[in-house]
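One structure below.
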Amino acid sequence: MLNKSIRNFYLGFVVPSFLTICLFIISLYVIIIPALEKNSMDRKKEMISELTNTACSLIEEYKNDYKDSVISVEEAKAFAARRIEKMRYGKEGKDYFWIIDMQPVMIMHPYRKELNGTDLSDYKDPEGKKLFVEAVKLVKKDNEGFINYIWQWKDDSTRLVPKLSYVKAIEDWNWIVGTGIYLEDVKEEIKAMEKRILLISFGISLIIIILLLYILRQSFVLEKRRKGAEEKLRLSRMKYQSLVQASIDGTVMLINGKVIFSNSRFNQMIGCNSIEILNKTFNDLFSVQWNDVVDKCTQPYKSITVETQLKCCNNTVKDIVITVSKIQYAKQDGFIVITKDLTSHRHIEKETSKLSDEIQTSLLLMHQPIKHFIKEFITCDLETSIKDAALKMTRKNHKVIYVTKDNFVIGAFNDKDLRTRVIANNLDTEMAVSTIMTSPVIKIQDNALLYEALLLFGKEKVSHLLVINDSGEMTGFIGNLDVLEMQRNSLTYLIKEIEISEDANQLKRINDNVPVFVNALLESGHKTKNITRIITSVSDAISKRLIVLAIEDIGKPPCKFAFIAMGSEGRMEQTFITDQDNAIIIEDVENEKLEVAYQYFSKLGKQVNTNLDKVGYQFCEGGIMAMNEKWTQPLLVWKNNFTSWINNSDPQSVLDLSIVFDFRCIFGENSYAEDLHEHVHEVVKNKAVFFQHMAQSVIKYKAPVSFFGSIVGTTNPEDTHIIDIKRILLPIISFIRIYALKNQISETNSLERLEKMKKEAILNKPLHEELVLTYNYLMLLRFRFQTIDIINNRKPDNSVDTNQLTNIEVTTLKKIFSHISELQTKLSFDFKGGM
């Protein structure tokens, strides 16, 4: 048995290793060394061509001075020649440039000054080559190029050596600028390189031979131990297999991250049989990474608990908690993993949280000052007729008009008065409005709360209240129906209203109420998560409703599809100025059906995008919308596109397409989006260049801080105190996206991604907390200033006026810039190998 093993070892390892060494040595002389020689020469050529271009650029400066009439052409040429004459490069600083004209006559040579002004038509090198004539011929034909000749060694006129020069024409002046390299230098470099390579290859071969001898010796010892170990392993396997099978929870045992057996309960949870599971690794079964779990299990027979997801065989996931115990198994580290399902528990928690948020939002609205909801009032004179008052109310689209005398409000006349007092009693509409007005007018302070206004409506039995400020000045009015609308304007109510809307105009009116919610939440100190949840819920509901209306209009889709949101909507992080970023994933159908599908979904995308724009979600400036053919494709095409974007990436295209990686399904077949997510996660594995390019957008970010540490403007050079808060958020969001993609995290929301990375120990606790605080602070600033713009009837944007921030807030911003710098450092080391 031993003899057979040794023979197999020789045939399977020693002989191939010997052949590999031989092939390695042959390849050195046949392929590697010639390639290195060629590359060395190519680099030298590239160097002298770039240096010559630099010299030409300097001459261009003097040509421009002449063209701008700063100096004469003779002065320009003289200055240029003197400038080039003094230029040196190379290790010894003796390499130089020379200039001739098209005759050729030597204009300037720093070492052979006796040639200056000399006609070089007959000048030959020692081999009889008219090198300067050849240079003229070359530039006349190609404008630039390389020539070989014999020349003196630098400033040593006694030594002649081969030289390669690069020459380039200077148009208008009929000059030729040249510089060159000595081929002796190149040969010496190549010889030194060959010597080092041969020494290294000899050392490697010697080491391999020694290792072969050592391995051969060790193989005898290992073979003797193997049989004894196999028997012990068999007994140990039977012991732990019995333990796993007896467990009432789903249990698996793993060695080196691979399943060696599982019990029936676990097979039932994942939806696979025991044979299928045996082919899987820990990472195939669970979302948390195997290496992270192993790092936490430091002591044998001590358990750790981790929340994660179970990847079921039907392509779904289950929220679970796993208990991992480290054991000794045949002198190896084995792991027993016990799983418990959390799906139902999480669902109850989610619904409870949602209900709690609904109640809090409703209560918060009722505790808002009415000054945020008052409307401008209209007035008429005491002698104005009922007809004229009604006409003015109609023209101004108001339900109430206030009657004044000497600029004082003495009464009110509303729609109800017109119906019950005028029409019902058949009164003459030419009568003065003062005869049927309600008086006195009930007033309320603008700092009163909505619920106080509601109580006052009930007490005074009126439909409108006149609002006054602390100075007693009338600022507007508020109606009973408006307050009741606020009371019922919970998120659930808005969603229900959206679901029964019949056109974009109705949806726009509903969407215009969202800032009211956000302002209430901001003033009450609510978390960013609650604010973005409201905006996203409304946005999703509007998109779904518009898709349903479009399908009703166009007809039934010819195949299945998924309407996906990308960018901030895909991350569920929309604000009040978010534009559209969406696309459609079409079912993979036969070619004859595909054209019909393209035509249908082109109409669908155009109708949905157009109506979203009417509602208030602006068209995407970059054209990333379902109405454009590029963004409406079958699932297979989407996969191919993502593969191409990832494999053929460059920094700018990755930056332009970064929002595409934050996609989620908002209507249709969610499985298409999940399938595409899994494809992306598979393709990005081990794609170091792709992640380097993604990291560039963060690494190259420059904080808006001056040399002296003060914050400077980023939107307009003239407004040094105005900063773009979105630009500051981008590196934070990009950092989170990079690590989410790197670690196969399917969540798209930034806070949810951070939470997942914390649970899976991808980010340490201090870094996680810093990122959450930074993100929340910047988003709240963004919402705060956008809400202020809306309340003041200004178009919201991403600008923040640092003059309106407190000293503490400015200090916090500066700390955030410092934190971003730390993130840049981490990215540089993780994805570039250092700064």
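The values are calculated or read from the model by the stated rules, or taken from the named source; none is laboratory data. Computed from a predicted model, the values in this text were never measured in an experiment. In this analysis, Cβ positions are derived from the backbone assuming ideal geometry, glycine residues included, and neighbour counts consider all displayed protein chains. Ligands, DNA and RNA are excluded from the accessible area calculation, which covers all protein heavy atoms including side chains. Shrake-Rupley method; radii C 1.70, N 1.55, O 1.52, S 1.80 Å.
Computed quantities for the displayed model
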| item | result |
| --- | --- |
| The listed residue being surrounded by fewer than 17 Cβ atoms within 10 Å (Cβ to Cβ), within 30 Å of residue 407 (Cα to Cα) and modelled with pLDDT of 85 or more, out of 323, 379 | 379 |
| Test: residue in the stretch 457-467 that is among the acidic types (Asp, Glu) and under 18 Å from residue 374 (Cα atoms) | no |
| Meets criteria (under 20 Å from the mean Cα position of the chain (by Cα), modelled with pLDDT of 90 or more and over 24 Å from residue 505 (Cβ atoms)) for residue 586 | no |
| Residue in the stretch 715-732 that is of a type in the set (Ser, Thr, Tyr) and either crowded, with 21+ Cβ neighbours inside 10 Å or at pLDDT 90 or above (or both) present | no |
| Boolean, residue 465 is among the aliphatic types (A, V, I, L, M) and free of Cβ contacts under 8 Å to residues at least 12 places away in the same chain | no |
| Enumeration of residues in the stretch 415-470 that are part of a strand (DSSP E or B) and touching a helix residue (DSSP H, G or I) at 6+ places or on another chain (Cβ under 8 Å) | 432, 438, 444, 449, 464, 465, 467 |
| The stretch 174-185 residues that are more than 30 Å from residue 76 (Cβ to Cβ), paired with ones that are in a strand (DSSP E or B) and open to solvent by 30 Å² or more (accessible area, probe 1.4 Å) (beta carbon under 8 Å, 6 or more apart) | 182/153; 182/162; 183/162; 184/153; 184/162 |
| Residues that are open to solvent by 40 Å² or more (accessible area, probe 1.4 Å), of a type outside the set (Ser, Thr, Tyr) and within 21 Å of the chain's Cα centre (by Cα), drawn from the stretch 748-779 | 752, 755, 758, 769, 770, 773 |
| Test: residue in the stretch 527-535 that is in a loop (DSSP other than H, G, I, E, B) and surrounded by fewer than 21 Cβ atoms within 10 Å (Cβ to Cβ) | yes |
| Criterion (among the small types (Gly, Ala, Ser), surrounded by 14 or more Cβ atoms within 10 Å (Cβ to Cβ) and within 28 Å of residue 180 (Cβ to Cβ)) met by exactly one of 35, 76 | 76 |
| Tally, over the stretch 780-835, of residues that are over 25 Å from residue 688 (Cβ atoms), in a loop (DSSP other than H, G, I, E, B) and open to solvent by less than 70 Å² (accessible area, probe 1.4 Å) | 4 |
| So residue 62, is it open to solvent by 50 Å² or more (accessible area, probe 1.4 Å), among the aromatic types (Phe, Trp, Tyr) and part of a helix (DSSP H, G or I) | no |
| Selection count where residues are of a type in the set (S, T, N, Q), open to solvent by less than 70 Å² (accessible area, probe 1.4 Å) and within 20 Å of residue 376 (Cα to Cα), scope the stretch 401-435 | 2 |
| Among (1) over 17 Å from the mean Cα position of the chain (by Cα); (2) among the β-branched types (Val, Ile, Thr); (3) under 28 Å from residue 540 (Cα atoms), the one test that residue 705 misses | (3) |
| Yes/no for residue 673 being hydrophobic (A, V, I, L, M, F, W, C) and outside any helix (DSSP H, G or I) | no |
| Residue check, residue 126 of a type outside the set (Gly, Ala, Ser) and open to solvent by less than 20 Å² (accessible area, probe 1.4 Å) | no |
| Condition met for residue 800 (touching a residue at least 60 places away in the same chain (Cβ under 8 Å) and in contact with a Leu (Cβ under 7 Å, 6 or more places away or on another chain)) | yes |
| Count of residues meeting criterion [in a loop (DSSP other than H, G, I, E, B), touching a residue at least 60 places away in the same chain (Cβ under 8 Å) and of a type in the set (A, V, I, L, M)] in the stretch 370-386 | 1 |
| Qualifying position, being open to solvent by less than 10 Å² (accessible area, probe 1.4 Å), of a type outside the set (S, T, N, Q) and assigned to a helix (DSSP H, G or I), among 659, 646, 564 | 646 |
| Some residue of the stretch 640-654 being in contact with a helix residue (DSSP H, G or I) (Cβ under 7 Å, 6 or more places away or on another chain), in contact (Cβ under 8 Å) with a residue 40 or more places away in the chain and over 23 Å from residue 750 (Cβ atoms) | yes |
| Selection status of residue 267, of a type outside the set (Val, Ile, Thr) and either in a strand (DSSP E or B) or surrounded by fewer than 18 Cβ atoms within 10 Å (Cβ to Cβ) (or both) | no |
| Cβ-Cβ under 8 Å pairs, at least 6 apart or on other chains, the stretch 55-71 side over 19 Å from residue 176 (Cβ atoms) and of a type in the set (A, V, I, L, M, F, W, C), far side open to solvent by less than 70 Å² (accessible area, probe 1.4 Å) and assigned to a helix (DSSP H, G or I) | 71/62; 71/65 |
